[in-house]
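K.L.:
First, the structure itself, so that you have it in front of you.
Just so it is clear, none of the values below were taken in a lab; they were calculated from the coordinates. Being a predicted model, the structure only gives us computed values, none of them experimental. Glycine also receives a Cβ, built like all others from the backbone with ideal geometry; neighbour counts cover every protein chain displayed.
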Amino acid sequence: MRAVICQDADEAVADIADGATVLVGGFGPAGMAETLIDALIRQGATELTVVSNNAGNGTTGLAALLAEGRVRKMVCSYPRQADSWVFDDLFRTGKIQLELVTQGNLAERMRAAGAGIGGFYCPVTVGTPLAEGKESRLIDGRIHVLEHPLRGDVALIGAHQADGLGNVVYRKTARNFGPVMATAAATVIVEVAQVVPTGALDPETIVTPCIYVDRVVTR
């Protein structure tokens, strides 16, 4: 399978629909696909559910998408920090919904979706509000809570390089959630600093194979 190398980010996000669930890579700004997010703002899709580790930083990237009122719901593990004022204002005024997920469960729920696993039991949230309304069971003498897979219609991922087929490598901590998100979305769009000729990447360094990638664009 060969990914489509798009001419620009606007072409890459053109068919994202209103109401889509969008997986957005990044640990804070590290690894966030800001070029694709800016294109999504121009594209105009609304009523989105966004899955990301954070709920935006400052006024750019994901925070800019939130500020435009395009996001109906955030699913994330770390919505509040010193520069998360856009999300804070929206949440306090009831203009956005929040599903809080512990960081490990966020990654594992997406990994489960990519692996075709129907769900998994985890003890992390037992005894907290995050476990309310969820099925639980006793496993090896310890209560575990059932967590369901987390799938996306689209994933927007920032990476370092791709080749002509769409094989992707990441740079250091910018890798973060990119690999699991690439397995968990129906359409995977990757922005990279550079597209190199097919065969130029060392196969041992390829983290996300082209079979998971639908579109590539340079930032």
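K.L.:
Which residue fluctuates most in the GNM of the chain (Cα springs below 10 Å): ALA20, ALA184, ALA159?
P.N.:
ALA20
K.L.:
Okay, next question. Looking at the square roots a ≥ b ≥ c of the eigenvalues of the Cα gyration tensor of the chain, which shape do they give, rounded for a/c under 1.5, prolate if a/b is larger than b/c, or oblate?
P.N.:
oblate
K.L.:
A follow-up question, please. Under a crude label model (7 Å from the Cα following the beta-carbon direction), how far is LEU100 from GLU135 in nanometres?
P.N.:
Placing both labels 7 Å along Cα→Cβ, they lie 2.5 nm apart.
K.L.:
In deg cm²/dmol and to the nearest 500, what is the mean residue ellipticity at 222 nm of the chain if only DSSP H runs of at least 4 residues count, each as -39500 (n - 2.57), divided by the residue total?
P.N.:
Result for the chain: -6000 deg cm²/dmol, rounded to the nearest 500.
K.L.:
Have a look at ILE206, ILE37, ILE143 and tell me which one the Gaussian network model of the chain (Cα, springs below 10 Å) gives the largest fluctuation.
P.N.:
Among ILE206, ILE37, ILE143, the largest mean-square fluctuation in the Gaussian network model of the chain belongs to ILE143.
K.L.:
Give the long-range amide H neighbours of VAL4: residues separated by 5 or more places, or on another chain, with amide H under 5 Å away, using H modelled in the peptide plane at 1.01 Å from N.
P.N.:
ARG215, VAL216
K.L.:
So if I average 1/r over every pair of distinct C-alpha atoms in the stretch 130-219 and take the inverse, what Kirkwood radius in Å does that give?
P.N.:
After inverting the pairwise mean of 1/r, the radius is 14.7 Å.
K.L.:
Using Cα springs under 10 Å in a Gaussian network model of the chain, which residue among PRO149, PRO129, PRO203 shows the largest mean-square fluctuation?
P.N.:
Result for the chain, Cα springs under 10 Å: PRO129 fluctuates most.
K.L.:
Also, quick follow-up: Which value, in debye to the nearest 20, gives the size of the charge dipole of the stretch 9-115 about its Cα centre, when Lys and Arg are +1 and Asp and Glu are -1 at the Cβ?
P.N.:
It works out to roughly 400 debye.
K.L.:
Another question, if that's okay. Taking H placed 1.01 Å from N in the peptide plane, check which residues at least 5 places from GLN97 or on another chain put their amide H under 5 Å from its amide H.
P.N.:
Amide H neighbours of GLN97, under 5 Å, 5+ apart: LYS73, MET74.
K.L.:
Which percent, nearest 5, of DSSP beta bridges in the chain are antiparallel?
P.N.:
30
K.L.:
Give the separation of the Cα centroids, the stretch 79-105 to the stretch 1-74, in Å.
P.N.:
First find each Cα centre; the distance between them is then 16 Å.
K.L.:
Using θ = phi - 60° and the Karplus relation 6.51 cos²θ - 1.76 cosθ + 1.60, list the HN-Hα couplings for the stretch 211-219 in order, rounded to whole Hz, with x at every Gly or Pro.
P.N.:
The phi angles translate into 4, 8, 10, 9, 9, 10, 9, 8, 7 Hz.
K.L.:
Right, next: What residues qualify as long-range amide H neighbours of GLY28, i.e. H under 5 Å apart, gap of 5 or more or another chain, H built at 1.01 Å from N?
P.N.:
Close amide H contacts, sequence-distant or interchain: ASN54.
K.L.:
How large is ³J(HN,Hα), in whole Hz, for each residue of the stretch 5-19 in order, when computed from phi with the Karplus curve 6.51 cos²θ - 1.76 cosθ + 1.60 and θ = phi - 60°, using x for Gly and Pro?
P.N.:
8, 7, 5, 7, 5, 4, 5, 5, 9, 4, 9, 5, 8, 4, x
K.L.:
Classify the stretch 1-103 as rounded, prolate or oblate from the Cα gyration tensor: take a ≥ b ≥ c as the square roots of its eigenvalues, call it rounded if a/c is under 1.5, otherwise prolate when a/b beats b/c and oblate if not.
P.N.:
In terms of gyration-tensor shape, prolate.
K.L.:
Residue-wise, which Karplus ³J(HN,Hα) couplings in Hz belong to the stretch 170-182, taking 6.51 cos²θ - 1.76 cosθ + 1.60, θ = phi - 60°, and x for glycine or proline?
P.N.:
Each residue's phi maps through the Karplus curve to give 10, 10, 6, 6, 5, 5, 4, 8, x, x, 6, 5, 5 Hz.
K.L.:
May I pose another question? Let me make sure I get this right: for the stretch 61-166, a, b and c are the square roots of the gyration tensor eigenvalues over alpha carbons, sorted descending. Under 1.5 in a/c it's rounded, otherwise prolate if a/b > b/c, else oblate. Which is it?
P.N.:
Since a/c reaches 1.5 but b/c is at least a/b, the shape of the stretch 61-166 is classed as oblate.
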